[in-house]
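Colleague: Supplied in structure tokens, the structure appears directly below.
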Amino acid sequence: MKIDLVTIFPGLLDGPFKESMIKRAVDKGLVEINLVDLRSYTRDRHRQVDDTPYGGGCGMILKPEPLFEAVEDLKGKAGTGNSVVILMTPQGTSFKQEVARRLSGEKHLVIICGRYEGVDERVRSALVDMEISIGDYVLTGGELAAAVIVDSVVRLLPGFLSEEASENESFSGSLLEHPHYTRPPVYRDMEVPEVLLSGNHAKIDRWRREQSLKRTYERRPDLLEHADLTPRDKVFLDTLRNVEDD
Ligand code: ADE
């Protein structure tokens, strides 16, 4: 996979991909991540990437020409014939694990980091395939949001996580994860649940499943609607509901 991030502040994205597991994915060749300075696609002396809005008002709008030229050039260089062009904006559709999974199957992503008051509407209507928001709050620009997208997509690439780890994680089966513990068995009078020390793997699996169901029921009951639940899970959830009713 190749990911091009188009930004006027490449320095903002310099750090996140040079550490830890994303760096390892880059080093392993699972993904190529390029920071593309939008100003390098300007043709004027001042390297102008933005301008005042027609009709008046405050704030600056990212101009269409450098964005169109950048995206067309990057698509040509990737040569996949089916690049996905994403605009980071609070007006976009909400980013979810399911979207990350879909994007992880693509060969080439171009992510445009919006800035200032916005981008020229012709970019949205004729250049962009998807508009994505990472949540209902407004950032100063799309760079940090783009880093979130890249992180969540890259960790889903084949060869990044072990199969078991990706199956078990939160949201993959629409449930939150069970609690985790490590040594020591007692810390400041807080004990690790005995079942985890028992060595009985069937019991441990059942305990984890039930904790996962309980946590989801308590914190994100909305997720249960789409969860893959066994008859035994449903009985367990009924007992939780009945405890609440009593
Ligand atoms: N740019 C500014 N705020 C944003 C958000 N919440 N998501 C994506 N891009 C943004």
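Colleague: Which members of the stretch 1-53 meet the condition of being under 15 Å from Leu144 (Cα atoms) and open to solvent by 50 Å² or more (accessible area, probe 1.4 Å)?
Modeller: Within the stretch 1-53, Phe9, Gly11, Leu12, Asp14, Pro16, Lys18, Leu35 qualify.
Colleague: Taking the condition of being more than 9 Å from the ligand (Cβ to nearest atom) and polar (S, T, N, Q), how many residues in the stretch 111-153 meet it?
Modeller: Going through the stretch 111-153 one residue at a time, the tally reaches 2.
Colleague: Moving on. Looking at the structure I just gave you, is Leu157 more than 10 Å from the ligand (Cβ to nearest atom) and in contact with a strand residue (DSSP E or B) (Cβ under 8 Å, 6 or more places away or on another chain)?
Modeller: no
Colleague: Another question, then. Please count how many residues of the stretch 105-150 are of a type outside the set (A, V, I, L, M) and open to solvent by 70 Å² or more (accessible area, probe 1.4 Å).
Modeller: Qualifying residue count, the stretch 105-150: 10.
Colleague: Scanning the stretch 54-80 for residues that are at pLDDT below 95 and more than 16 Å from the ligand (Cβ to nearest atom), which turns out most open to solvent (accessible area, probe 1.4 Å)?
Modeller: Cys58
Colleague: Can you pull out the residues in the stretch 91-104 that are within 10 Å of the ligand (Cβ to nearest atom) and either crowded, with 16+ Cβ neighbours inside 10 Å or on the phi > 0 side of the Ramachandran plot (or both)?
Modeller: Gly92, Phe95, listed by residue number.
The values are calculated or read from the model by the stated rules, or taken from the named source; none is laboratory data. Since we're looking at a predicted model, the values are computed, not measured. Cβ: placed from backbone, ideal geometry, glycine included. Neighbour counts: every protein chain shown. Side chains included, ligands, DNA and RNA excluded: accessible areas come from the protein's heavy atoms. Shrake-Rupley method; radii C 1.70, N 1.55, O 1.52, S 1.80 Å.
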